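Below is one structure, written out as structure tokens, with a few remarks after it.
The values are calculated or read from the model by the stated rules, or taken from the named source; none is laboratory data. None of these values were measured; they are calculated from a predicted model. We place every Cβ from the backbone using ideal geometry, glycine too, and count neighbours over all the protein chains shown.
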Amino acid sequence: MLQKILSQTYLITAVVSLLIGLFVPQAHVLVAVNTLLLQIIFFLSCLKIEPKIVLSHLKDWKFLLLANLMMLLGFPTIVWLFGLPWHTDFGFALFLLAAMPVGMTAPLLVEIAGGRQSIAMVLTVTTSLLAPFTVPLLTKLLFGAHISVDIMNMFKQLVMVIFIPFALALIVRAIVPKTIDKVKTKTKPLSTLLLGLLIIGAVSNQASSILSLSSNIGRFLLILIGLYAFYLALHLAGYFIFWWKSREDKQTASISLTYMNFTLAIFLASQFFHEPGILLTLVLSIIPWATFMPAWQRISKKLQ
């Protein structure tokens, strides 16, 4: 039930925000506050992180190191290699999604699917803190010849939207821990609203170009089919790359890899990559993000 509510909330938010961004010209004013919106989203998400749990699981450092390397470097590189013959906006959008850190809702999804929520929380923290270094570096190395990338500016933006909210959340938790424990479970509606505003601002900035792309129903459907195939591939790769681990750990890795921080990807696309096809693909990725989990649960049961 909880998973269904979560999925429906994100899906409805994505659809409504996409429509507002496309058809309400005044929504363009939100472009100026996109960075602030993402900072607040990260801050609210980081309030749920319990440092003691994170530190207690660092003893499993070999698994965590390999998982971080695969999620932040290995899989994005594999996606790039598969996309070499085309170098399309769709291929770059998939690369950007694959390069993102673990999403802040992944620990909840891991718990629902029978994985280890505490390990997923550690992966969320470690991949998020490493992403400001890995994302600009990989983008420059793999796409520098095709896309103009200001890696220092990207690094600074990522530090602003990840490190600063993370540090502030830790400080607030240390000062008023009891208050945070009471309110942290009630921040989801606000985070969802802020996500909607972020999508509206990003989409409105390229509304006319996205509308021209969306008018091609065939292309629209192909993007969705490609995204569903991408999510299935991520699930399977995350599950089998740790073939020697317990099913619980394999499920944790699979879901952590697949349910990445698409919010950050949308933000980066709106700030640095102005091709409408990239942004449209990233916004549409919320649909499989919100709907594929039940199918994966049925598939993973057959893999036992």
Search result, residues across the stretch 114-152 that are crowded, with 19+ Cβ neighbours inside 10 Å and either closer than 28 Å to residue 302 by Cα or out of contact with any Phe, Trp or Tyr (no Cβ under 9 Å at 6 or more places or on another chain) (or both):
115, 116, 119, 120, 121, 122, 123, 124, 126, 127, 131, 134
Looking at the stretch 97-127, which of the residues that are outside any helix (DSSP H, G or I) and β-branched (Val, Ile, Thr) is nearest to residue 44 (Cα to Cα)?
105
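For (1) more than 16 Å from the chain's Cα centre (by Cα); (2) not hydrophobic (A, V, I, L, M, F, W, C), each residue gets a yes or a no:
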| residue | (1), (2) |
| --- | --- |
| 228 | no, yes |
| 232 | no, no |
| 238 | no, yes |
| 246 | yes, yes |
| 255 | no, no |
| 263 | no, yes |
| 274 | yes, yes |
Under 6 Å between Cβ atoms, at least 6 apart or on separate chains: pull out the pairs that start in the stretch 98-113 with a residue that is modelled with pLDDT under 85 and end on any residue that is not in a helix (DSSP H, G or I).
109/259
Would you check if there is a residue in the stretch 25-40 being farther than 11 Å from residue 201 by Cα, under 17 Å from the mean Cα position of the chain (by Cα), at pLDDT 90 or above and crowded, with 20+ Cβ neighbours inside 10 Å?
yes
Can you name the residue in the stretch 247-276 that is touching a Lys or Arg at 6+ places or on another chain (Cβ under 9 Å) and not acidic (Asp, Glu) and, of all such residues, is farthest from residue 40 (Cα to Cα)?
251
Taking first residues from the stretch 137-152 that are farther than 20 Å from residue 82 by Cβ and second residues anywhere that are of a type in the set (Ser, Thr, Tyr) and crowded, with 16+ Cβ neighbours inside 10 Å, the pairs with Cβ under 9 Å that are 6 or more apart or on different chains are 149/139; 151/139
Residue within the stretch 75-88 that is in contact with an Asp or Glu (Cβ under 9 Å, 6 or more places away or on another chain), in a helix (DSSP H, G or I) and buried (at least 17 other Cβ atoms within 10 Å of the Cβ) present:
no
Considering only the stretch 75-112, state which residues are farther than 18 Å from residue 232 by Cβ and small (Gly, Ala, Ser).
99
Quick check on residue 241: is it farther than 28 Å from residue 114 by Cβ and β-branched (Val, Ile, Thr)?
no
Criterion first (modelled with pLDDT under 85, more than 25 Å from residue 157 (Cβ to Cβ) and in contact with a helix residue (DSSP H, G or I) (Cβ under 7 Å, 6 or more places away or on another chain)) does residue 237 satisfy it?
no
Note on the stretch 149-203: residues farther than 17 Å from residue 269 by Cβ and polar (S, T, N, Q) are 179, 185, 187, 191, 192
Out of all the residues in the stretch 43-56, is one or more loosely packed, with under 14 Cβ neighbours inside 10 Å, over 29 Å from residue 225 (Cα atoms) and free of Cβ contacts under 8 Å to residues at least 60 places away in the same chain?
yes
Report whether or not residue 94 is more than 15 Å from the chain's Cα centre (by Cα) and not acidic (Asp, Glu).
no
Which residue, of 266, 217, 225, is among the hydrophobic types (A, V, I, L, M, F, W, C) and buried (at least 18 other Cβ atoms within 10 Å of the Cβ)?
266
